[in-house]
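Okay, so here's the structure we're looking at.
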Amino acid sequence: MTKQMNMPLYLDLGSSGGISCISGDLLGKLDGALDCDILEKRKHTYKPYSITNCELRQVLSRYIEYKSSHIHVLVPEIFNLDILTYYLPIQMVLEFRNKFTIVFYETILESYQRVYEIAEPELPIHVATSITYWRCDIQGAPSGKLYGKTIAVKDDIMLAGVPMMNGSKILEGYIPDADATIVTRVLDAGGRILGKSVCLDHCFGGDSFNCATGPVPNPYDKTRDAGGSSTGSAVLVARGEVDMALGEDAAGSIRVPAAWCGIVAMKPTFGLVPYTGIVPFEITLDHAGPMTRTVYDCALLLEVLAGYDDVSGKRIGILQEGFQDADAEVKSHVLEAVEKLRPTGVIIENVSIPMHNDAWHIFLPIDIEGSYSCMIQGNEYGRSGYHPSTLQEALARGRAIRPFDLLTNVKMASIFGEYVQQNYQQKFYGKAQNIRGKLIAAYEAVFKDFDVIIMPTTRLRRSLGSFKNTAPFDATGHPALTINTGFSSDDLPIGMMIVGRMHEEKTVLQIARSYEKIRDSGE
């Protein structure tokens with residue numbers, strides 16, 4: 001006996017390994033519990049039934065014959081008890097289903113898994129592409145402050161007519177129809193843009209191995225991390241492939257890769273550099289800024305982006321909390337670098353800001369909940385100025401069609417963000433935003449007596465602990481620059497971070513330039 005089944009059925013191979021069938025009247029896991037439920041509802045008594053390979057082939061043959069007269073029936077219906085029990089004994093169906101499942105996993109899925117694991121042969125290439133997402137050659141004005149300078153643009157910054165991916169397959173294929181404001185300023189100043197530099201997937205994380213286009217190695221050691229998320233920008237500058245690069249920073253994404261690649265980079269005061277035309281991460285944390293090899297070039301590029309050298313008598317505070325739990329080599333290098341500034345006439349003293357130890361905790365709810373709402377859900381409520389609607393449409397389309405391509409830690413943060421949103425209604429986000437005012441006040445109190453404060457850019461040489469010194473100043477908005485102080489025993493760069501008062505980038509750059517001249521002179 002057969003019966004026409006009109007409702008569609010689907011197969012879902014979930015991460016738990018269970019097989020789910022969905023129909024108009026049956027939804028659930030096909031495991032022992034479900035089998036017992038169905039048997040109980042149908043008043044059947046289960047008796048073990050051993051099905052042979054021959055019988056399995058016969059059942060498949062009968063089922064294929066059945067399917068041939070129902071062209072709309074999908075293959076996954078073979079797992080649905082509602083269909084099979086119309087013309088086979090229930091005990092045989094259960095044993096058949098169990099055996100077919102085993103065969104399915106042990107043959108088909110095993111083959112697919114093995115194919116996934118085997119490396120594909122690769123055709124030879126003449127130009128490395130993992131650092132540059134898209135190459136181009138756009139010459140700006142015939143004169144200006146940046147004339148003769150080559151520039152890379154981080155791939156979360158819009159460049160009209162050039163594909164943009166934001167490090168993620170979610171946005172793959174999108175071509176912006178407008179330039180970001182900072183791109184316009186670079187071209188108007190005579191800069192020459194050579195391409196889009198790769199960034200981390202959704203600019204999420206601090207390592208250099210989760211870019212959709214492939215991992216990016218450290219320029220000093222190909223087995224080591226280059227930092228993120230402005231990974232490609234830092235590496236291209238460090239390798240001398242471009243003179244300058246544009247980066248974006250919401251936790252340390254300009255400064256961390258710059259420190260680990262041994263270059264100069266600066267997160268300016270919040271709002272100093274326009275963010276229009278850049279993929280948002282969290283609108284109260286987002287900064288854009290310059291990444292260069294020298295302090296002079298950093299100041300030059302910042303002057304263009306923002307529209308904007310004596311250090312004797314300047315007061316420098318060594319932030320004690322910024323050195324806590326730092327690697328021994330990192331601590332010694334940075335302290336020695338600060339001491340080299342003393343002959344220039346600066347005044348150096350230790351300073352303590354106890355709330356710096358809580359700054360990471362204050363930052364994190366804003367980062368996780370804010371980025372989930374803004375980056376994942378696409379909510380940019382509260383951001384004034386131009387909103388690139390084509391970018392918003394492309395992001396929404398990619399997230400709807402390809403959610404499986406989201407990075408694992410983006411999925412985890414999204415799940416947590418949704419959980420907190422549903423159960424606490426942004427209570428922690430709001431409280432952290434309120435406490436942020438106290439954090440700003442704690443730093444401002446020190447800046448009444450000191451022109452800058454100094455600490456390691458990253459306390460540790462690993463991504464998990466890399467943002468504890470950088471993220472606080474995305475939360476407060478203070479300008480912060482990283483500069484290389486030398487190399488560790490394993491030949492990796494160590495960065496020193498100089499943080500200044502709001503809108504006093506000039507002072508930060510002056511201190512950095514003074515140290516750079518001393519460092520490069522070998523004194």
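The table below gives the values:
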{"quantity": "Any chance Leu146 is surrounded by 15 or more Cβ atoms within 10 Å (Cβ to Cβ) and within 24 Å of Asp286 (Cβ to Cβ)", "calculated": "yes"}
{"quantity": "Count of residues meeting criterion [basic (Lys, Arg) and under 17 Å from Asp451 (Cβ atoms)] in the stretch 314-339", "calculated": "2"}
{"quantity": "Those residues of the stretch 373-412 which are open to solvent by less than 60 Å² (accessible area, probe 1.4 Å) and of a type in the set (Val, Ile, Thr), in sequence order", "calculated": "Ile376, Thr390, Val410"}
{"quantity": "So Gly232, is it open to solvent by less than 10 Å² (accessible area, probe 1.4 Å) and in a loop (DSSP other than H, G, I, E, B)", "calculated": "no"}
{"quantity": "Gly430 vs. criteria more than 22 Å from the chain's Cα centre (by Cα), assigned to a strand (DSSP E or B) and surrounded by fewer than 24 Cβ atoms within 10 Å (Cβ to Cβ)", "calculated": "no"}
{"quantity": "Number of the condition not met by Thr269 [criteria: (1) in a loop (DSSP other than H, G, I, E, B); (2) open to solvent by 30 Å² or more (accessible area, probe 1.4 Å)]", "calculated": "(2)"}
{"quantity": "Only listed residue being under 14 Å from Ile151 (Cα atoms) and open to solvent by 10 Å² or more (accessible area, probe 1.4 Å), chosen from Asp221, Asp243, Asp225", "calculated": "Asp243"}
{"quantity": "Total residues in the stretch 325-334, condition surrounded by fewer than 18 Cβ atoms within 10 Å (Cβ to Cβ) and either on the phi < 0 side of the Ramachandran plot or in contact with a Gly (Cβ under 6 Å, 6 or more places away or on another chain) (or both)", "calculated": "4"}
{"quantity": "Extreme residue, nearest to Leu272 (Cα to Cα), among residues of the stretch 166-183 that are of a type in the set (Val, Ile, Thr) and surrounded by 22 or more Cβ atoms within 10 Å (Cβ to Cβ)", "calculated": "Ile182"}
{"quantity": "Enumeration of residues in the stretch 118-145 that are over 28 Å from Leu171 (Cβ atoms) and either modelled with pLDDT of 75 or more or part of a helix (DSSP H, G or I) (or both)", "calculated": "Ile118, Pro121, Ala141, Pro142, Ser143, Gly144, Lys145"}
{"quantity": "Residues of the stretch 249-263 that turn out to be farther than 10 Å from Thr231 by Cβ and out of contact with any Asp or Glu (no Cβ under 6 Å at 6 or more places or on another chain), as a count", "calculated": "8"}
{"quantity": "Qualifying residue in the stretch 305-318 (condition: open to solvent by 50 Å² or more (accessible area, probe 1.4 Å) and modelled with pLDDT of 95 or more)", "calculated": "yes"}
{"quantity": "Unmet requirement for Val237, which otherwise passes all of (1) open to solvent by less than 10 Å² (accessible area, probe 1.4 Å); (2) within 15 Å of Leu395 (Cβ to Cβ)", "calculated": "(2)"}
{"quantity": "Within the stretch 491-519, tally of residues that are open to solvent by less than 20 Å² (accessible area, probe 1.4 Å) and in a loop (DSSP other than H, G, I, E, B)", "calculated": "1"}
{"quantity": "Failed criterion for Asn166 (all others in (1) under 20 Å from the mean Cα position of the chain (by Cα); (2) on the phi < 0 side of the Ramachandran plot hold)", "calculated": "(2)"}
{"quantity": "Evaluation of Ile283 against (1) open to solvent by 10 Å² or more (accessible area, probe 1.4 Å); (2) at pLDDT 95 or above (one fails), failing number", "calculated": "(2)"}
{"quantity": "The stretch 458-490: number of residues that are buried (at least 18 other Cβ atoms within 10 Å of the Cβ) and farther than 20 Å from His361 by Cβ", "calculated": "7"}
{"quantity": "Test: residue in the stretch 441-454 that is open to solvent by 10 Å² or more (accessible area, probe 1.4 Å), within 20 Å of Thr284 (Cβ to Cβ), of a type outside the set (Gly, Ala, Ser) and at pLDDT 95 or above", "calculated": "yes"}
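Rundown of residues vs (1) open to solvent by 80 Å² or more (accessible area, probe 1.4 Å); (2) closer than 17 Å to Ala480 by Cβ; (3) in contact with a helix residue (DSSP H, G or I) (Cβ under 6 Å, 6 or more places away or on another chain), yes/no style:
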{"position": "Leu300", "(1), (2), (3)": "no, no, no"}
{"position": "Phe323", "(1), (2), (3)": "no, yes, yes"}
{"position": "Thr344", "(1), (2), (3)": "no, no, yes"}
{"position": "Phe363", "(1), (2), (3)": "no, yes, yes"}
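The values are calculated or read from the model by the stated rules, or taken from the named source; none is laboratory data. Just so we're clear, the structure is a prediction, and the values are computed from it rather than from any experiment. Positions of Cβ are generated from backbone atoms using ideal geometry, with glycine treated the same way; all protein chains shown enter the neighbour counts. Protein only, heavy atoms only, side chains kept; ligands, DNA and RNA dropped before computing areas. Shrake-Rupley method; radii C 1.70, N 1.55, O 1.52, S 1.80 Å.
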